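The values are calculated or read from the model by the stated rules, or taken from the named source; none is laboratory data. Nothing here was measured: the structure is a model prediction, and the numbers come from that model. Backbone-built Cβ (ideal geometry, glycine too); neighbour counts: all protein chains shown. Please note that ligands, DNA and RNA were not included when accessible areas were found on the heavy atoms of the full protein model with its side chains. Shrake-Rupley method; radii C 1.70, N 1.55, O 1.52, S 1.80 Å.
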Amino acid sequence: RFPPLFSSCFTCSLVITIIMAGTAANFKPVTHVIFDMDGLLLDTERLYTVSYQEVCDRFGKQYTWAVKSSVMGKKALDAATVIRDSLELPMTAEQLLEETRMKQTQLFPSAQLMPGVQKLIRHLHTNDIPMAVATSSERVTFEMKTSRHKDFFHLFDHIVLGDDPDVKSGKPQPDAFLVCAKRFNPPPPNGKCLVFEDAPNGVLAGLSAGMQVVMIPDENLDPLLTKEATLVLRTMEDFKPELFGLPAYD
């Protein structure tokens, strides 16, 4: 058991942040930055929860955080398969995916940027730091989620989607981040890329790609699932670029 100090995910993340921020020597300088999207740049994870819970309600099932955390970052059909199997829903994974996507068509255009995201992305862009997005979202859902943020997403050098033919396996496999790094011009060494993630599967993918990973988890996530990250923060607002050799805020 955690002592009282670690009684919540929020507290745990905050304490880890303080500890890690005091050991900047453990961090290596980077030149490029790769961002996950869902739950990291956009507040879409809550919208996924709404859509899946509406389906689960029909069968008296609960879309718990234990299930949700196991699928965060996975490709859509892979995630639907795990959810269907975990909750023993009387439908195929394809049917579950189709039904939730119908609901998401109404929900996703309302997605908003997460706290601190606008400030960091524009700061890095102003300082000519190469940036990209590596998301498990497929083209159809990506367009829905970003419909109100077109100018913002144009700030990135490129975006790698979950249905990209070069991404053979979804997170926690490193494919998305490896493909994303190779598309920078010129491509940097993998170790020079810093990944931002909110999901345990994404953290494992980034580390497997040989990159450092800053994790900004939902406060409901089990703190034990954050321990592999290079640095854990409460929000993007807490990030100090200079810890990784990036230009500091003015």
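How much accessible area per residue does segment 163-250 have, counting only protein heavy atoms and a probe of 1.4 Å, in square angstrom?
43
Taking only the alpha carbons of the chain, what extent do you get along each of the three principal axes, in Å, biggest first?
Computed over the Cα atoms, the extents are 51, 46, 29 Å.
Antiparallel versus total DSSP beta bridges in segment 109-250: what percent is that, nearest 5?
0
Between Lys168 and His125, how high is the FRET efficiency from 1/(1 + (r/R0)^6) when r is the Cβ-Cβ distance and R₀ = 41 Å? Nearest 0.05.
0.85
Under the classification rounded if a/c is under 1.5, otherwise prolate if a/b is larger than b/c and oblate if not, where does segment 146-250 fall, given a ≥ b ≥ c as square roots of the Cα gyration tensor eigenvalues?
Because its axes are fairly even, with a/c under 1.5, segment 146-250 counts as rounded.
Count charges around Lys192 for me, please; just the other residues with Cβ under 14 Å from its Cβ, Lys/Arg as +1, Asp/Glu as -1.
Taking every other residue near Lys192 into account, the sum is +2.
Past 32 Å, Cα to Cα: identify those pairs from Lys28/Lys103; Lys68/Lys119; Lys168/Lys227; Lys103/Lys192; Lys145/Lys192, in the order given.
Violating the 32 Å limit, Cα to Cα: Lys28/Lys103; Lys103/Lys192.
Report, to the nearest whole %, how much of the accessible area of the chain belongs to carbon and sulfur atoms, 1.4 Å probe, protein only.
54
On a full-extension model of 0.36 nm per residue, what is the gain between Gln106 and Leu224, subtracting their alpha-carbon distance, rounded to one decimal in nm?
Answer, rounded to one decimal: 39.1 nm.
For the chain, what is the calculated [θ] at 222 nm in deg cm²/dmol (nearest 500), taking -39500 (n - 2.57) for each run of four or more DSSP H residues and dividing by its residue count?
-11500 deg cm²/dmol
Which net charge results for the neighbourhood of Phe27, defined as the other residues with beta-carbon distances under 12 angstrom from its beta-carbon, given Lys and Arg at +1 and Asp and Glu at -1?
For residues surrounding Phe27, the net value is +1.
Mind checking the full-extension length gain between Gln62 and Arg148? Use 0.36 nm per residue of separation minus the Cα-Cα distance, one decimal, nm.
27.9 nm
Suppose every Lys and Arg Cβ carries +1 and every Asp and Glu Cβ carries -1, with no other charges. What dipole size does the chain come out with about its Cα centre, to the nearest 20 debye?
My answer is approximately 240 debye.
Counting DSSP beta bridges with both partners in the chain, what percentage is antiparallel, nearest 5?
Of those bridges, close to 5 percent are antiparallel.
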